[in-house]
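Asker: Structure below; questions to follow.
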Amino acid sequence: MLSNVRPTWSVIALLGSVSKAVDWLGSHPHPHILFLDIRLTDGDAFDFISQAHPNSVIIFTTAYEQFALRAFEVNSINYLLKPFDEQRLETAINKFERLEQHTSDQQELYLQNILSALRNREKSYRTRFLIEGLGQFRTLLVEDIAYFKSGNKITYAVLKSGKEQFIDLPLDKLAEQLDPDMFFRLNRQFIASLHSIIKLEPYFGGKLAVFLHPATPQAVIVSKEKANLFKLWLNY
């Protein structure tokens, strides 16, 4: 994509881990721009930035859901939400090219804003629901939920025990509020926790059939467009 939208640019390094990236920046001139994932093989972007203190503009390329990226928006930090296309990449680069060269003070503030945003995203995810019933309230912990399902505009949390609990939120809102390390939106009807996924099987047309526990009447189907992203998510 970069070679298409900016053919005169050079990609000078591909670094998949915090340790490799820190070592490389310690012995090379810092590039004009870094495309940085939040999760790396031996840590995350917070670890990398804290150690390397890069003198580069950063564009995050990440599969994190929108809710987790609100802190980036507040701090005017540029990001590309996977999967993205050339048009979105072009927009991000145009924003980079409009930036004036940072002074040392501006660069320090820029990095501090990024570190603050990364800290804040870790505090953003929902951990519990307040459930009302029979004239009393109780707390339902997210860690006790295997998956969420929706039907006829009604959302249920299916607990690890198999019990179902009505949740007064649509799946779209839940997808914004759940930790993307632990939950994945399989399709319009299901958001599954990592621990609920038993196995995957190839399905017609490049789709995936996903089997959950507690069991659903039929396998949950993941679209061809989402299948690769889902497998990447499972492999983190």
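Asker: Between their Cα atoms, which of K95/K149; K95/K224; K199/K224; K173/K224; K82/K173; K160/K226 are more than 28 Å away from each other?
Answerer: The answer is K95/K149; K95/K224.
Asker: In a shell of Cβ-Cβ distance under 15 Å around K153, excluding K153 itself, what net charge do Lys and Arg (+1) and Asp and Glu (-1) give?
Answerer: Once all neighbours under 15 Å are counted, the net charge is +1.
Asker: Got a sec to turn the phi values of the stretch 46-59 into Karplus ³J(HN,Hα) couplings, 6.51 cos²θ - 1.76 cosθ + 1.60 with θ = phi - 60°, whole Hz, x for Gly and Pro?
Answerer: 4, 4, 4, 5, 4, 8, 8, 6, x, 9, 9, 6, 10, 10
Asker: Give me the net charge for the shell around P214: Cβ to Cβ below 10 angstrom, other residues only, Lys and Arg +1, Asp and Glu -1.
Answerer: +1
Asker: Using amide H atoms built 1.01 Å from N in the peptide plane, name the residues 5+ places from T155, or on other chains, whose amide H lies under 5 Å from its own.
Answerer: Distant-sequence amide H within range of T155: I167, L169.
Asker: Can you list the HN-Hα couplings for the stretch 178-191, worked out from phi with the Karplus curve (6.51, -1.76, 1.60; θ = phi - 60°), rounded to whole Hz and with x for Gly and Pro?
Answerer: Running phi through 6.51 cos²θ - 1.76 cosθ + 1.60 with θ = phi - 60° gives 9, 4, x, 6, 10, 10, 9, 7, 6, 6, 5, 9, 9, 10 Hz.
Asker: Here is a further query. Normalised by the number of residues in the stretch 120-236, what is the relative contact order in percent for Cα pairs under 8 Å and 6+ residues apart?
Answerer: 18 percent
Here, each number is a calculation from the coordinates, and none is a lab measurement. Every value quoted in this text rests on a predicted model; they were computed, and no experiment measured them. Cβ coordinates were reconstructed from backbone atoms using ideal geometry, including for glycine residues, and neighbour counts include every protein chain displayed.
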